[in-house]
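Enquirer: One structure, as structure tokens, below. Some questions next.
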Amino acid sequence: MKTNWKLGLLLLILVLGTVLSGCGSNKTAESSNTKSNNSTASETNAGKEAETTPQEPQILNWIIVSELPTADSVKSYDTLSSSQIEIFAEGLYKIDGNNKTVPVLATGDPVISEDGLTYSIKLRDGLKWPNGDPLTAKDFVFAWQRLFNPATAAQNASTHFNIKNAQAINEGKKAAEELGIEAVSDTELKITLEYPDTYFTASLSSVNLYPQNEAFVTEKGEAYGTNSENTLGNGPFILKDWDGTGLNWSFIKNEQYWDKDNIKLDKINIQVVKEIGTGINLYESGAVDVASLSGEYISQYTNNPEYLSVLTLTASNLELGISSNKALQNENFRKAISLVINRDELVNNVLIDGSNPLTGIVPKGIAVNPDTGTDFSDEAGAIVVTDVEEGKRLWELAKKELGTDKVKLELITSDTDTAKKTSQYLQSQLETNLSGVTIELSNVPTKVRFEKMMSYKFDLALGGWTGDFDPVSYLNLFFSTYEHNHARYKDETYDALITKIKTEDATDPQTRWKDLQEAQKYILSKAVVTPLYQGASNYLVKSKVKGIVTHNLGTPLEITRAYIEQNSAK
Amino acid sequence: MNTINIPDSYFEPLDKEIYRDMEKADYPSLTLYQDSWRRLKKNKAAVISLCILLAVLLTAFLSIWYTPRDPNLQNLPHANLPPRIPWVHMNGFNGLAKVSGEWVDKYTLANVPANTHYYFGTDAFGRDLLSRVLAGTRLSLLIAVVAALFDVFIGITYGLISGWKGGITDNIMQRVLEIISGVPTLVIVILMLLVFKPGIPSIIIALAFTGWISMARVIRAQTMKLKEQEFILASKTLGVPFIRIALKHIIPNLSGIIIIQTMFSIPSAIFFEAFLSFIGIGVRPPDASLGTLLNEGYKTFRFLPHLMWIPAVVLCVIMITFNLLADGLRDAFDPKMKD
Amino acid sequence: MTNYIKFIAKRLAYMIVTLLLISQITFLLMNFLPGSPYSNEEKLTPQQLEIMNEKYGLSKPFGERYLLYMSGIVRGDFGISLQFSNQPVSKLLSERIGPSMQLGIQAMIFGTIVGIVLGTVSALHQNSFLDALASLSAIIGRSIPNFVFAVLLQLIFAITLKWLPIALWNDGFSSTILPTLALSITPMADAARFIRTEMIEVLNSDYVELARAKGQSERRIAIVHGLRNALIPLLTLLGPMTVGLMTGSLVVENIFAIPGIGEQFVKSILTNDYSTIMGVTLIYSAMLVTVILIVDILYGIIDPRIRVAGGKS
């Protein structure tokens, strides 16, 4: 008998465990019941049943690869939250499928003063928030002031320091009211800049500069943008069922939206799926309408008609630790490194992910010649080329100049698939073509790589840079005092040129353009950095989904105007 | 009283050698190890496993000097080729691969010369998978052996002392163990990256840090159970020192558990290494380990199944033979087992 | 009985000390993690960084931050997660731990039961074909990494046979089956091997011989004598493993798109989300020390020869 109660106790624990887990499953069952309206599986089934009827509800089942960190447009700092905020909110301008800036809430292009410092923008009449409040110029003033308020601690604030007093306000030196934005009337905004900026209109498409409803935001306080109830947008859709940290949410059509007649979708379901393979499996089973592709998967789908690849503005470079490595201070060695790397092979045979070889510092798609409309990188042409023989010759020269014939370099990269592949390719290229060069690879977590680069103590590093709207945001990387000049490269001629571009040239677009081109050519002639490739985002999108807009600037895909093609004709 | 006189000459001294021979056993006496070896030899599965394992070890060891191709040499035009073995005509091993439902000769597509055969196929860089598997097996075995060593030395010592001493010592030692297992390993591992370079030494340190904990727990529990048993109590009463009791009584009695626990620590070490490579502190690319090969292979196994299956099969073979051999060893060493 | 109460009270006190130490060590180590917790730090100017650190209280000295954090914990405030804007860690954890715990417990129960059955079958039919089969399945289970296993399960049961959902956490129990199976192979294999070894040892022992001599049925011997004694070492191993499983697995959660805590934890370490790292560490270690305590108490109950530590004096 004695033993029995002990066994009984064991059993009891087991039973307790089962009951506990039972509770757990009940709970989730409940929550899945309450959420069954937006569960993707039931939706698709409903969709299939309704196929015969002409008025099929327009529902898009979308997946993304990470959680939404914030729904507060002012605090947004990453492409992912921008891509979601764009669905339920809207700004003065947006980027269209041709990378052109087009007015949305504004009625037309801004009226710019002679000195390029003052922008006057008219808003559409009768704009409304989904709760019925009128949307006025004051909502922009409120949002912008909030963006630079140090108490908000918006991570992206510095991107918009071209607005008058923005930096001073952000650093707490001036009051928020002194920001260079003013609501002249309910439908007219006057914006003052710190210095003239050719690309300011384009930057007005940034989600950080979207309007916010003062009454609503003030009422919610710190909780604003932390779940769908505490978020208010003005876009084509309304954010629903987002609990702040969850893996699924949805958008429903906003009836107060000014252009609602052109919005065909009734609902967008978003599901976070982090594993690419799982996303593809769901896509192929028909449960979702989109899948993100990366790594090896891309090459399997490049010939698929549903494959979609969008170039991003991320320039991936082989960064050289010039200040910390003696060998790299030799210009011939640096040139040799750049010459023996075959970017076409890297992109087409190793990465196979839709990226483009990068032959300059500024990637394609960021800006066009103010006169001719030619893209910056197209006009520049292939500045960086592959010439293995010339590379070998320069390496021989470098060896003599350095007085050594063996150089050992450590290449630091992040631990992503792409970085690992690129680094292994670079290692093999450099070691086989430049005899005597040994490359040691260190694939480390991004934070570790970044720490090493920012301490300016490294040999080689695989770095990426995404600029904003203006080519100078890429060229600035080699300005001697800029903290992201990881090479600590110092060249007075170049510094002078960049300073001229930032100041004197501001009101003269054509000279500025020429100087930008000149600066890129100059810095590449010194081989301060080795451009590698321009990244791409890759997707599979069901062929029945039409009307998706792609752009290089900002988020890769815009789905607000998408619709599902009705095949009831069959 | 008659005295019977028996002359001394009646007696002959016995040849001392005779008894000596009689005392001798019919069979030569065996030491523990000879005895175990004799028993092990009877276990066919264990012997076969031992042979396979030795062969794997030898090939892995020889791969330091010879592999069919350079395991790290890239040859991009020959990327992602399926296996082709000259005398095999089964689809999947003859250079054909399924591309959207149809068998396609990838070797022809890639213009590979007819006399070039990649027995295990190639990876995304056109590197020979056979050579990489050989080199990877070597690395993984090295890591596994080191992990097992840590398990055995630290884990057993810690567990024995903790379980034997009991009381306050045990209490403190167990709390230390809880603290070590409570602090997230990944945090320590990332911090190590700031000090060490990624590579074998940092993997070994990371393994050393956590690998032995479950061994120590199990050994402690068993020691606590054993130390109350009669034969241990007897030795204790006789004043046998702890080290002798541990070596002569406790460890042999725990051999089964120790061997099993060690067997588990081997795949754990291999997987942990794969996880570390995933996080970025594992084996430095381009070097391969079975873990990294698996890690890369599983992502594409629907399109390029050979990249996952070949390392997986190699790992399974190593694991199965290890386990069968371990079972055999345990039976062989256990004096309680009957023949 | 008073001995037991004393023992448990003592252990509870130790638990608190252990947890405090763990929290201090983690807090200290975390402090040295490279970089800042802001995901776009590549673009932050030094002034911006200062503003952010001020806002999140990271500019304060280390000791003060630790005290502030701990005083928050006492009040049940785990701080704000830095991966999300203004999401309390307690909310993040409470939402994420449910699915992970459910899967962990299911996997544990399923894996252990199957493991015990396999191990028992092996031990009772030692060196037979059944033994080989059971042992082999346990070994193979242990030699295939669970991410490979998860992907295979997904391919077979969800894509080819279409019996179960591919992924996502929205179909009640049926969405939990595949991830549970994927997670259960480790406890299954471990349990099977342990039970087999232990049972063989027990079944060859003198008291089992005695039981046989007394004419007890083999089945009764196997269960009452064999299994019960074999369960003891298993407990030591499975206790901490349960905690490990309940706190989630990065790979399995990602493959099945489960809103669990494992993935979140690895991400929080890689992104320096200090408060989430602390939160998960505290929950994990609290569960761990509790389970260890429970195992220690159970020990004394299952096997009275083992005197719980401290009970001796």
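Every number here is computed from the coordinates shown, using simple stated rules; none is lab data. Note that the structure is a prediction, hence the values are computed from the model and not measured. Don't worry about glycine lacking a Cβ; one is built from the backbone with ideal geometry, like all the others, and counts go over all protein chains shown.
Enquirer: Run the dipole for the stretch A:313-534 about the Cα centre, Lys and Arg Cβ at +1, Asp and Glu Cβ at -1, nothing else charged, and hand back the magnitude in debye, nearest 20.
Expert: It works out to roughly 740 debye.
Enquirer: Grab the other residues whose beta carbon is less than 11 angstrom from that of residue A:530, score K and R as +1, D and E as -1, and report the net.
Expert: +2
Enquirer: For a quick protection proxy, order the peptides C:285-296, A:503-514, A:304-315 by their average other-Cβ count within 10 Å, most packed first.
Expert: C:285-296, A:304-315, A:503-514
Enquirer: Please give the calculated 222 nm ellipticity per residue for chain B, where each DSSP H segment of at least 4 residues contributes -39500 (n - 2.57) and the sum is spread over every residue; nearest 500 deg cm²/dmol?
Expert: Working: 15 runs with 206 residues, N = 339.
Mean residue ellipticity, 222 nm, calculated: -19500 deg cm²/dmol.
Enquirer: While we're on this one: Over the whole of A:120-133, what's the average partner chain Cβ count within 10 Å per residue? Rounded to a whole number, please.
Expert: That average works out to 0.
Enquirer: Next question, about the same structure. Return A:558, A:171, A:255 ranked ascending by Cβ neighbour count within 10 Å, so the fewest neighbours appear first.
Expert: Fewest-to-most Cβ neighbours within 10 Å comes out as A:255, A:171, A:558.
Enquirer: Treat the count of other C-beta atoms within 10 Å as a stand-in for reagent exposure and order A:283, A:563 from fewest to most.
Expert: The order, fewest Cβ neighbours first, is A:563, A:283.
Enquirer: Suppose only helical runs count, i.e. DSSP H with n ≥ 4. What mean residue ellipticity at 222 nm does that imply for chain A under -39500 (n - 2.57) per run, divided by all residues and rounded to the nearest 500 deg cm²/dmol?
Expert: That comes out to -9500 deg cm²/dmol.
Enquirer: Moving to a separate point now. What does the charge dipole of the stretch C:98-271 about its Cα centre add up to, to the nearest 20 debye, if the Cβ of each Lys and Arg holds +1 and the Cβ of each Asp and Glu holds -1?
Expert: On the way: 10 positive and 10 negative charges, 40 e Å.
Dipole magnitude for the stretch C:98-271 comes out near 200 debye.
Enquirer: Which of A:343, C:96 comes first, and how do the rest follow, when ranked by fewest Cβ neighbours within 10 Å?
Expert: Ascending number of Cβ neighbours within 10 Å: A:343, C:96.
Enquirer: Residue B:176: net charge of surrounding residues, Cβ under 14 Å, Lys/Arg +1, Asp/Glu -1, itself excluded?
Expert: Cβ neighbours under 14 Å give a net charge of +2.
Enquirer: Put +1 on the Cβ of each Lys and Arg and -1 on the Cβ of each Asp and Glu in the stretch B:216-312; which of B:271, B:219, B:291 then has its Cα farthest toward the positive end of the dipole?
Expert: B:219
Enquirer: What percent does the relative contact order of chain C come to when contacts are Cα pairs within less than 8 Å and at least six residues apart?
Expert: Details: 363 pairs, mean separation 82.5, N = 313.
Across chain C, relative contact order equals 26 percent.
Enquirer: Also, quick follow-up: Within 10 Å of each Cβ of C:136-147, how many other protein chain Cβ atoms are there on average?
Expert: Mean inter-chain Cβ contacts per residue within 10 Å come to 6.
Enquirer: With r as the distance between the Cβ atoms of residue C:125 and residue A:302 and R0 = 41 Å, compute the FRET efficiency 1/(1 + (r/R0)^6) and round to 0.05.
Expert: The pair residue A:302/residue C:125 has a calculated efficiency of 0.15.
Enquirer: Using a Förster radius of 45 Å, what is the FRET efficiency between residue B:111 and residue C:54 based on their Cβ-Cβ separation? Nearest 0.05, please.
Expert: Approximately 0.10, to the nearest 0.05.
Enquirer: Sticking with this structure for a sec: Using a Gaussian network model of chain B whose springs link C-alpha atoms within less than 10 Å, name the residue from B:212, B:37, B:164 with the highest mean-square fluctuation.
Expert: Largest GNM mean-square fluctuation: B:37.
Enquirer: Once you've got the GNM for chain C with C-alpha springs shorter than 10 Å, pick whichever of C:90, C:217, C:59 has the biggest mean-square fluctuation.
Expert: C:217
Enquirer: Determine ³J(HN,Hα), in whole Hz, for all residues of the stretch A:209-214 in sequence, where each value follows from phi through the Karplus function 6.51 cos²θ - 1.76 cosθ + 1.60 and θ = phi - 60°; x replaces Gly and Pro.
Expert: Couplings: 9, 6, x, 9, 7, 4 Hz.
Enquirer: With +1 on each Lys and Arg Cβ and -1 on each Asp and Glu Cβ, and nothing else charged, work out how big the dipole of chain A is about its Cα centre, in Debye to the nearest 20. If you can, show how the numbers build up before the last one.
Expert: On the way: 54 positive and 75 negative charges, 325 e Å.
Roughly 1560 debye for chain A.
Enquirer: Sticking with this one: So what's the net charge close to residue B:128: Lys and Arg +1, Asp and Glu -1, counting the other residues with Cβ under 10 Å from its Cβ?
Expert: +1
Enquirer: Suppose R0 equals 30 Å; then what is the FRET efficiency for residue A:402 and residue C:32 from their Cβ-Cβ distance, rounded to the nearest 0.05?
Expert: Given R0 = 30 Å and the Cβ-Cβ separation, E is 0.25.
Enquirer: Helix-only estimate, please: 222 nm mean residue ellipticity of chain C, summing -39500 (n - 2.57) across DSSP H runs of length 4 or more and dividing by its residues, to the nearest 500.
Expert: My calculation for chain C gives -23000 deg cm²/dmol from helical runs alone.
Enquirer: Under 5 Å between amide hydrogens, which residues at least 5 positions from residue A:314 or on another chain qualify, with H placed 1.01 Å from N in the peptide plane?
Expert: The list, which skips near neighbours in sequence, is A:535.
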